[in-house]
1. Quote the FRET efficiency, to the nearest 0.05, computed for residue 219 versus residue 297 with a Förster distance R0 of 25 Å and r equal to the Cβ-Cβ distance.
2. Taking 0.36 nm per residue of separation and subtracting the Cα-Cα distance, what length does fully extending residue 28 through residue 153 add?
3. Would the range 183-224 count as rounded, prolate or oblate if I go by the C-alpha gyration tensor, calling it rounded below 1.5 in a/c and otherwise prolate when a/b exceeds b/c, oblate otherwise?
4. Between the range 296-315 and the range 256-270, how far is it from one alpha carbon centroid to the other, in angstrom?
5. What nm value, rounded to one decimal, do you get for the distance between residue 101 and residue 141 when each label is placed 7 Å out toward the C-beta?
6. Order by neighbour count: 256, 319, fewest other Cβ atoms within 10 Å first, most last.
7. Whole Å is fine, so just give me how far the alpha carbon centre of the range 221-238 lies from that of the range 173-219.
8. What FRET efficiency do you get for residue 38 and residue 94 if R0 is 41 Å and r is their Cβ-Cβ distance, rounded to the nearest 0.05?
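Bear in mind these aren't lab numbers, they're just calculated from the coordinates by the rules spelled out. Nothing here was measured: the structure is a model prediction, and the numbers come from that model. For neighbour counting, all protein chains shown are included, and Cβ atoms are generated from backbone atoms with ideal geometry for every residue, glycine included.
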């Protein structure tokens, strides 16, 4: 079999072939499915026949076509899921973990030093800087400490999609082309919810709300101020002065999260500056060579932020050092969606297995199941600043 074709029909190996299904069977099944997409009545009839629908004198007891069909559906879902247009990934990085337990990050525990005392006194040296070890002196022993995610964990989510025998008979030509999209959108909605709602729940704590202050150019900012250039400057200063374990955070760049429809307003404030006291009154000017808010590199809209709410968070992978902020977690080896077909249908009287899509033993319905494994992982919320925008 053509290796390139095999690579295509397994999505590069991301969707393993189920037992009993080979590439030749997938190619044959794909021709039928492609014919259905084009409205070919012969392809629709062939699909029904393989699904166990009886025609005239012919009685089929089903075959393994259904497993090839479910594999093609899984491949289509995997492709659509991978190529889907997302907004959350512009603001949130992903992290692969190995279990459903809260993940941990190990680092040196500077408060737990064993062995000989440090031989050289360095009163101004921070704990995280390696100590001097004189000639012939033993090294002090630093133990490792584990920091678990403060909030969230991965979980499995999904559902089953029942297809009755009647729907297969009467509307196979409509259902078959739409099935991958239905499952994909269902799982994408869950992924988006985990990413955005997990973030919002994690950062929306009193300590992270925008505090009242005066900016460097003398503008007053109230607590939970609505978004403005002054409020963005105040949020950036507050974020950069946050501390974790007594040390100021280190972040390369930040992004602003706003409700859907508010991105242009935020971009305007980021790229224009209001100058007061001019002869003809106030006016707006741009700074093509310098932007005092250059630490904010992007604006992302989220439907999970509503009204006047907005937030400033580190850009994906912009946190420096061994600390983390917030990521969307995925399970190692199960990073993408998974689709399976139900196969508990019983047997015909006199022998012969019933095709899964001819219906279950009890209800004459069959089911495909889609699932995705992910979840928001919150590590240190101190990196974020959030505002309700109500000026309270």
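1. According to the calculation, E is roughly 0.65.
2. So the extension gain works out to 40.9 nm.
3. Working: a/c = 6.49, a/b = 3.19, b/c = 2.04.
Judged from the Cα gyration tensor, the range 183-224 comes out prolate (a/c at least 1.5, a/b above b/c).
4. Their Cα centres are 7 Å away from one another.
5. In this crude spin-label approximation the distance works out to 2.4 nm.
6. Values: 256 27, 319 20.
Lowest to highest Cβ neighbour count: 319, 256.
7. 22
8. The calculated FRET efficiency here is 0.65.
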